[in-house]
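Here the structure comes first, spelled out in structure tokens, and everything after it is commentary.
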Amino acid sequence: MKIKTQFLILVAGIVLIPTLIFGTMLLLAYYRSPDRVFTPGVKDIVLNIDVPVDSKQLHHIERFIQNLPPNVQCAVLDENGKVVFSGMPEIKSGDILKDGDVMNLVRNSNKHYLYQIDLNFGADNKSKETLSEESKKRALVLLTRVARDVAKRPNLFLDIFFAMLSVFAVVLIFTAVLLIWIARSVTQSVTLLEDATRRLAAGDLDTEIVVTGSNEITSLSDSLNRMRVALKDQMLRRSRFIMGLSHDLRTPIALIKGYSEAIKDGMADDPVMLEKSLNIIGTKIDQLENLINSLIDSVRLESSEWKGKLAPCALSSFLTAYAERTVADGNLLHKKIDTVISIPETVTLQVDEEMLSRLLDNIVGNAFRYTNDDGYIKFSAIYSADSHLKEPYSGNVYITISDNGCGIEEKDIPYIFDSFYRGTNSRREEGYGFGLSAVKHIADSYGWKVQVNSTVGVGSLFTITIPVQL
């Protein structure tokens, strides 16, 4: 569970627990109120009285009965002794009681109950001597009693105090338990991540980072695993880079050294042999020079020093001219070239045209190299509007270069953009493995995407996605 969710549960619990407790208390108070204890209500009492009761008297009766505690029993009699309502099992509604009957009830149950009699219940707030005849007729007799063992009236302050104490205790226990749970979860996750980062710092890139749980901290394990894999992959690429560079440097240096020693030892005294040896040495020196220049270009691409040459480029005109040159080159190399350029004239890019040409040349050059005579190559550039792109971009230009050549092995595809990497089918050709690496560097620097799909024996398809504005 995420830490944010855990704290939300904690806050919700702190708010809801007191609310639920007080709500329960109010509900219990309602169910214990006189409205729930007494079966007939105040209006039912009034209906059984022979003399009409005015609204003021009715309000007085209603307030009094509603304020009675639930453990208080009562009975109401009219001036004639008729029981209009009774909450006492000994007295039935509708009975006619005399004064002696009421006193006998009090004497017989005096050991168990405390009684109180109000002779002017519901009448005006006056002494009996000053009551009018009309008020005397409307006056009721209220008989109330309470058991002696619960006669002591509850202390409201103590009730509230103990209720608050109970709420505080429940909230405290809930908060403590949840905080311990959160702290344990966070501590465990941080400890596991600390161990994992220590292993990474020590160079252990082979052990997978496994952190149990589902909070925000443990989710970092996925990011750390991706970083671990990326670092491991980067180290493998660097190793391949160094091995490739060493191999490509060692071969011409060994030949130069061998022929130089042969000349020094007099093994090439013959002028023809000497000239041949010198030509080979010169060729290998040129090879080393080209390799060094490629390395310099690679570093230059990665450092983005060439970006100072950026200038507006009318993409349609540039690609049309490039497609025409590709067709001419294809005719010389006996390749069938098909071109499609469908880009609005208003599409422009801030780009170094030399670098864009180099990017296309490296892909088209590979297509020429790995396609047999009379092979088929297609070069297309199509604009497509895309409403999902943010301003100022309004669409994409998709440049695709496809061929029906030998294709690329599936195992080589993830590495073809690495420096010095040469695929299985390219090792019979000359080169240093910088071509597609330069393509990737240039595309990444501009924020473009390069994708490749290839099948051995069928051909390859390179797609360059360029976001543009009209």
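Would you check if there is a residue in region 454-464 being of a type outside the set (Ser, Thr, Tyr) and either modelled with pLDDT under 85 or at positive phi (or both)? Yes, region 454-464 contains a residue that is of a type outside the set (Ser, Thr, Tyr) and either modelled with pLDDT under 85 or at positive phi (or both). Tallying residues that are at pLDDT 80 or above and aromatic (Phe, Trp, Tyr) within region 61-114 yields 1. Scanning region 335-372 for residues being in contact with a Leu (Cβ under 8 Å, 6 or more places away or on another chain) and acidic (Asp, Glu) gives a total of 1. Mind checking whether some residue in region 289-309 is assigned to a loop (DSSP other than H, G, I, E, B), of a type in the set (Ser, Thr, Tyr) and at pLDDT 75 or above? No.
Scanning region 222-249 for residues that are at pLDDT below 75 and among the basic types (Lys, Arg) yields a total of 3.
Among VAL364, VAL439, which is the only one that is modelled with pLDDT of 90 or more, under 22 Å from LEU291 (Cα atoms) and either crowded, with 19+ Cβ neighbours inside 10 Å or small (Gly, Ala, Ser) (or both)? None of the other options fit; the residue is VAL364. Step by step: first the residues of region 382-416, then only those that are farther than 22 Å from SER437 by Cα and among the small types (Gly, Ala, Ser), then the one that is modelled with the highest pLDDT. Which residue is that? Across region 382-416, the extreme among qualifying residues is SER384. Taken together, ASP352, ASP361 contain a single residue that is charged (D, E, K, R) and in contact with a helix residue (DSSP H, G or I) (Cβ under 6 Å, 6 or more places away or on another chain), which is ASP352.
Being assigned to a helix (DSSP H, G or I) and surrounded by 14 or more Cβ atoms within 10 Å (Cβ to Cβ) is the filter here; which residues of region 261-272 pass it? Matches in region 261-272: ALA262, ILE263. Being surrounded by 15 or more Cβ atoms within 10 Å (Cβ to Cβ) and assigned to a strand (DSSP E or B) is the filter here; which residues of region 88-113 pass it? Of everything in region 88-113, just one residue is surrounded by 15 or more Cβ atoms within 10 Å (Cβ to Cβ) and assigned to a strand (DSSP E or B), namely TYR113.
The values are calculated or read from the model by the stated rules, or taken from the named source; none is laboratory data. In this text the structure is predicted, and so the values were computed from the model without any measurement. Heads up, the Cβs are rebuilt from the backbone with ideal geometry, glycines too, and the neighbour counts pull from every protein chain shown.
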